Amino acid sequence: MNLRGSRLALAATTAVVSVASLVAVATNSASAASSRLKSGETIYFIPKDTLNPYEVIADAGGKTALNAIGDKQVVSSGTADTAAAQIPSIQAAIAAKASAIVIAGNDPSALCPSLAKAQAAGIKIVSFDSDVTCPNHLFINQANTRQIGTSEIDLLASEIHSTGQIAILSAAATATNQNAWIKYMKVELKKYPKMKLVSTVYGNDDPATSLTVLQGLLSAYPNLAGIISPTTVGISTAAQYLDTHKALLKHLTLTGLGLPSQMKKYVLDGTVKAFELWNPSNLGYLAGYAAATLASGTITGKAGQSFTAGKLGAYKILPAAAGTGPSVVLGPPTVFNKSNVLKFNF
Ligand code: RAM
């Protein structure tokens, strides 16, 4: 590992320690706590869409958790990342008398009237991946929001000598998670006066749209030095394009949030040097336990309460902060590069 790599590794290790102490995990009572959960409940998982491989892995993690508890998972959503496409799934959960909904919000507020109806019908609301602003729900956050935004900028800065025009290839323009990360990216950018954010484009987590907006970006800014794509769909689409247009790599560096399984090819052939993510399967698993625990009445979702999430151990609910209500943080992101990208199965 070169100096740059070891610095990143060190930063990641430091982050592990601080975030781990924040959520204060460690327990040995996993089986006792989970055996108190009610079984036979129906829990709806409503991802951003049903086609995104990241969401599919997260939902599968949720199913593993619910199977272990004896609950039933129903995965339901649209095929485009819009709130409108998710509303029928919320209505279906109400009709099915589900005990909880686990939702990745395609919009911070547009889902709230439907979620309020679900809540009035006694359904517990958990958001994961992308939060909603409705009251009385628990957000399962993949990693500290500020840390994700900050580390994305730092990672790119370390690769482009903190200099040049940069752009963001995001998902849906209304996606709460992407917008929250971008907000912190902009704050962190102030540390790098020679790096200039020239554009943010939205690929809607659709490969074809992501490719179109990427090509628009490249023709509008032929000297672009860096692209951050904080979405697995965006970064994999961009990596595929750069892989077949290698001349661009002379001046352009791509990073962001990607699935190691999709990105390993591009890391091993040098198209992408480094990117980040967490384990999406564990995110869904943690959300599944949170939903089942709320549905069992063991917790109400207030800050300070703790619950056990099977193999992951105990998690403490953090107080509301910076636009987010009570939340639980899965853990710090991992930086993937040539040295470790083959070690991950998601
Ligand atoms: C995409 C989705 C998801 C995001 C990941 C990193 O697949 O937009 O919301 O968290 O990437």
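So here's what we get for this one:
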{"quantity": "Residue count, segment 10-65 (criterion: part of a loop (DSSP other than H, G, I, E, B), within 28 Å of ASP154 (Cα to Cα) and at pLDDT 50 or above)", "calculated": "2"}
{"quantity": "Within segment 125-136, tally of residues that are over 17 Å from GLN91 (Cβ atoms) and either more than 16 Å from the ligand (Cβ to nearest atom) or in contact with a Pro (Cβ under 8 Å, 6 or more places away or on another chain) (or both)", "calculated": "5"}
{"quantity": "Residue count, segment 72-97 (criterion: surrounded by 24 or more Cβ atoms within 10 Å (Cβ to Cβ) and in a loop (DSSP other than H, G, I, E, B))", "calculated": "2"}
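The values are calculated or read from the model by the stated rules, or taken from the named source; none is laboratory data. Keep in mind that this is a model prediction, so the values were computed, not measured. No Cβ is skipped: glycine too gets one built from the backbone with ideal geometry, and neighbour counts run over all protein chains shown.
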